[in-house]
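Everything on this sheet refers to the single structure shown next.
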Amino acid sequence: MRSTSCGRLAIAAMGLCVATGHGARAQPGGAQPGWSAVEQALGRPGAAQPDSVLRFSFPRSDLRVTVDGVQLRPALALGSWLAFRRVDGGAMAMGDLVLTDDEVAPVMTRLQQGGVAQTAVHNHLLRKSPRVVYMHVEAHGDPVRIAETVRAALALSHTPLGPPAPAATAAPIDLDTGAVARALGRSGRVNGGVYQVSVPRAETVREGGHVVPPAMGVATAINFQPTGAGRAAITGDFVMTAAEVNPVIRALRDHGIEVTALHSHLLGEEPRLYFMHFWANDDAVRLARGLRAALSRMAVR
């Protein structure tokens, strides 16, 4: 995003995105015209998103990470991803890579060698065991080269890179998602045993002259993982302007939700955005009401 020229890299925060060409339509299975070489380079199909974004997921199913005795599902907080969108001169890519401490340096070195920039490296949660960190990346240019670079960098980690397992029949989730949606005022979807809700901002986000769609990491993400008896562990991140940060903190704390990180994910976006991560494990409906109170302090769609 940072630069509008095709060969230059921008440093963003949450991920990699690539825009599809004018008039591109999603095809069955998530494939979009002109992206087969990118899918081949990454070794898996992408999922078509709104605004001509193609997104790839790399769940860290190899990790067994716990927070306060709760084992995190990959869909809750351990999902590396990369998204692409076509722009003038090639593609824009953004992403977020979940890494262990010893994986950060080799992955970063390989990304830099291939022209993929880092926009943030930090924690999202507290009291994790083992510790993992999150590396936000961004690139502009040839999408196949970007994909090859990210694949080569991830190969230096223990991220599973084989073909994704066939989608299993959706199992019932041990959570009253209807009650959660009513309390939250937003509905979501079940993915990997986690109820996921995405809330876009009201305004358009831009970087380097390019629009950054919500699917490229600039929508508030709220995830519920059932922990039994109507309870859920929640995490995700609120995407806020500076004026919204402390009203959201107060709303979360007033409802017993812990703030675990506050930082940037991108480098030159307009408006300037801040990302706040959170954690709680309590009655899911009660937590949804608290999250709704926080959303009411923000300009969201």
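Counted by neighbouring Cβ atoms within 10 Å, the residues H263, H210 run from fewest to most as H263, H210. The length gained on full extension between Q40 and E270, counted as 0.36 nm times the residue separation minus their Cα-Cα distance, comes to 79.5 nm. Derived scalar couplings between HN and Hα for region 223-229 equal 10, 10, 10, x, 10, x, 6 Hz in order, rounded to whole Hz, by the Karplus curve 6.51 cos²θ - 1.76 cosθ + 1.60 (θ = phi - 60°), x for Gly and Pro.
Hey, how much of the P(r) for region 190-285 falls beyond 17 Å, as a percent of Cα pairs? Cα-Cα pairs in region 190-285 separated by more than 17 Å: 54 percent. Placing unit charges on the Cβ atoms only, positive for Lys and Arg and negative for Asp and Glu, gives the chain a dipole magnitude near 400 debye about its Cα centre.
Note on A243 and D51: the model spin-label points, each 7 Å out from Cα along the C-beta direction, lie 2.1 nm apart. Across T119, T109, T220, mean-square fluctuation computed from a Gaussian network of the chain (C-alpha pairs under 10 Å connected) peaks at T109. Highest mobility in the GNM of the chain, judged by mean-square fluctuation with C-alpha springs under 10 Å and restricted to A171, A242, A47, is found for A171. Between Q71 and A179, full extension at 0.36 nm per residue minus the direct alpha carbon distance yields a gain of 36.5 nm. Helix 284-295 and the longest principal axis of the Cα set of the chain meet at an angle near 60°. Put simply, the C-alpha atoms of the chain give a gyration tensor, and the ellipsoid matching it has half-axes of 29, 21, 19 Å, longest first. Under the criterion of Cα pairs below 8 Å and six or more residues apart, the relative contact order for the chain equals 21 percent. Here the alpha carbons of region 28-154 define both size measures, Rg and Dmax, at 14.9, 48 Å. Computed from point charges on the beta carbon alone (+1 for Lys and Arg, -1 for Asp and Glu), the dipole magnitude for region 207-301 about its Cα centre is near 340 Debye.
Subtracting the Cα-Cα distance of T204 and R301 from their residue separation scaled by 0.36 nm leaves 33.9 nm. The orientation-averaged shadow of the Cα convex hull for region 95-235, equal to a quarter of the hull surface, comes to 10.8 nm². Ordering E148, E138 by the number of other Cβ atoms within 10 Å of each residue's own Cβ, fewest first, gives E148, E138.
Residues T159, T235, T204, T260 in ascending order of nearby Cβ atoms (within 10 Å, fewest first): T204, T260, T159, T235.
Computed from the C-beta positions of S187 and A155 and an R0 of 45 Å, the FRET efficiency is 0.75 to the nearest 0.05.
Coordinate-derived values only; no laboratory data. Since this is a predicted model, take the numbers as computed values, not measurements. Positions of Cβ are generated from backbone atoms using ideal geometry, with glycine treated the same way; all protein chains shown enter the neighbour counts.
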